[in-house]
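All remarks here apply to the structure that follows.
The values are calculated or read from the model by the stated rules, or taken from the named source; none is laboratory data. Since the model is a prediction, treat every value here as computed from it, not as a measurement. Here the Cβ is made from the backbone with ideal geometry for all residues, glycine too, and neighbour counts use every protein chain on show. We work out accessible area using only protein heavy atoms, side chains counted, and drop any ligands, DNA or RNA first. Shrake-Rupley method; radii C 1.70, N 1.55, O 1.52, S 1.80 Å.
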Amino acid sequence: MISNQILQNTIEGLKTIARVDFCVMDTDGKEAASTSASMTECGSETVEFAKSPADSQEIQGYQYFKIYDEQQLEYILIAAGTGEDVYMVGKMAAFQIQNLLVAYKERFDKDNFIKNLLLDNLLLIDIYSRAKKLHIQTDVKRVVMIIETGNKKDNNVLEVMRSFFGSNSMDFITAVDENNVIVVKELSEGDSAKEIEKAANSMESFLVKEGMTGVRIAYGTVVKEIKEVSRSYKEARMAMDVGKIFFDERNIIAYSALGIGRLIYQLPIPLCKMFIKEIFGGKSPDEFDEETLATINKFFENSLNVSETSRQLFIHRNTLVYRLDKLQKSTGLDLRVFEDAITFRIALMVVKYMNYMENFEY
C-alpha cells in the first residue's frame, strides 16, 4: 500500500504544474491526501461515486476519477473545476497515481522476495521463477551487508539507507528484524574486496552524518548466483556477532577476516566450559585483577617481547618477569613459552565468547 505522504507529495507536485487542486479519498470517503481544505467535505459524494459503474464523473463542480489496484478499486481522485481541460488534467493525475500503485506494489513484492530469499524460505525452483517475474537478474555478483546502529527499533535507519542508494539502484535494502538493516549489494565484474570495504566506509560515514550512533557493518563473501545470497547473509550475521565479541575496535568487519574467532564462535558452550576447566581448574581468566590482565594483553600485543612490554608499561623488566612467574604459579602456563602463550590466548577468547553468549541469552 502506498503511503499517504507519497500521495500528498504527488498531488502537490501535480498542482504546482497544472494549477488544479486535487483530493485523494479511499472508497469509504476518508481523505488520504488533499491540496484544498474545501475538498475534504466530498465524502458522501465519493462513496456514492465508488458504488456507481462509471470510471469518471462530474459532480457538483468537481471531476471524480476511479483509481484501481489491478481490478480492485483503491482510491477516488477529485479534481477541482469542470470543463475539458480539468478533465484531461484529472485523467493524467489519476494515471500517475495508478502507476505509483503499480511501482510500489512491485517494490513490495521485491522486498518480500528478498526477505524470503535471505531467510532460506524459498524452494530452488521458486527462487528462479519469482526472480524472472520480478525482473531480478539471477547470475550477477552480489554481497550481503548487515548494518546495525545504536538507534535500535528506529525505522528511520531503513529509510535513510534507501535514500543513500536511491530509487534507481540495483541494490536491495530491507530488514528481517527490528535490529538490523540488510543491503544486498550488486557488484560489477571488476569489484574487489577493496571496493566492498570502500562502500561499507561510505555507508558508515553517511549514517554518522545523519546522526546515527554505534554504527557497525558486517558483510559476507561474494556470491555469483541468486540462490547463494542466503549464504552470504548467514556469513554476514556471523561476522557481526564475532566482530562484537573479539573485534570491538572495528566498526566494519568482513567474514573473510574473522580468523580464529570464526572457529571459537562455532564451539558448543559445554565444550568451552570443559576446556576452561581443564586449563585453569576452578578459576576463570577474567577473574584476574586489572593489573594482571593489562600485563597479559600488553605482552601479547608486543609478541611476547619482555623488554618492549616492560617499557610500554613503564615498569622494570624484573617486575614484569615477577608478574609472569606469579601467573605461571597460579595457572601452570608460562607466557614466555610460545605453546603456553597460544593456549592462554585462546582461553581468553573462549571466555569472551562464553560471556557474550551468556548475556545474549538474557
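Before moving on, here are some points about what is shown:
- Within region 58-75, restricting attention to residues that are in contact with a Lys or Arg (Cβ under 9 Å, 6 or more places away or on another chain) and over 16 Å from Leu14 (Cα atoms), the residue that is surrounded by the most Cβ atoms within 10 Å (Cβ to Cβ) is Tyr75.
- Considered as a group, the residues in region 331-347 that are farther than 21 Å from Cys272 by Cβ and of a type outside the set (A, V, I, L, M, F, W, C) include one that is most open to solvent (accessible area, probe 1.4 Å), and that residue is Arg336.
- In the set (1) under 20 Å from Asn251 (Cβ atoms); (2) over 11 Å from the mean Cα position of the chain (by Cα), the condition left unmet by Thr149 is number (2).
- Boolean, Phe164 is at pLDDT 85 or above, surrounded by 13 or more Cβ atoms within 10 Å (Cβ to Cβ) and within 11 Å of the chain's Cα centre (by Cα): no
Conditions (1) of a type outside the set (Asp, Glu); (2) over 30 Å from Glu358 (Cα atoms), marked per residue:
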position: Asp289; (1), (2): no, no
position: Glu308; (1), (2): no, yes
position: Gln312; (1), (2): yes, yes
position: Ile315; (1), (2): yes, yes
position: Asn318; (1), (2): yes, yes
position: Val321; (1), (2): yes, yes
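- Checklist (1) open to solvent by less than 30 Å² (accessible area, probe 1.4 Å); (2) touching a Lys or Arg at 6+ places or on another chain (Cβ under 9 Å); (3) more than 16 Å from Met92 (Cα to Cα); (4) of a type outside the set (Lys, Arg) applied to Met39, failing item: (2)
- Pairing residues of region 326-350 that are touching a residue at least 40 places away in the same chain (Cβ under 8 Å) and outside any helix (DSSP H, G or I) with residues that are hydroxyl-bearing (Ser, Thr, Tyr) and surrounded by 15 or more Cβ atoms within 10 Å (Cβ to Cβ), at Cβ distances under 9 Å and at least 6 apart in sequence or on separate chains, gives Leu333/Thr343.
- Test: residue in region 105-122 that is more than 24 Å from Gln8 (Cβ to Cβ), without any contact (Cβ under 8 Å) to a residue 24 or more places away in the chain and touching a Leu at 6+ places or on another chain (Cβ under 7 Å): yes
- Matching residues in region 193-243 - criterion: being touching a helix residue (DSSP H, G or I) at 6+ places or on another chain (Cβ under 7 Å), without any contact (Cβ under 8 Å) to a residue 60 or more places away in the chain and more than 21 Å from Ile260 (Cα to Cα): Met203, Phe206, Glu210
- Residue match in region 93-112 (condition: more than 30 Å from Asp177 (Cα to Cα) and basic (Lys, Arg)): no
- Residue list for region 332-344, filter: in contact with a helix residue (DSSP H, G or I) (Cβ under 6 Å, 6 or more places away or on another chain) and modelled with pLDDT under 90: Leu333
- Residues in region 279-304 that are on the phi < 0 side of the Ramachandran plot and outside any helix (DSSP H, G or I): Gly282, Lys283, Ser284, Phe288, Asp289, Asn302.
- So Ala294, is it closer than 22 Å to Thr331 by Cα, open to solvent by less than 70 Å² (accessible area, probe 1.4 Å) and either hydrophobic (A, V, I, L, M, F, W, C) or in contact with an Asp or Glu (Cβ under 9 Å, 6 or more places away or on another chain) (or both): yes
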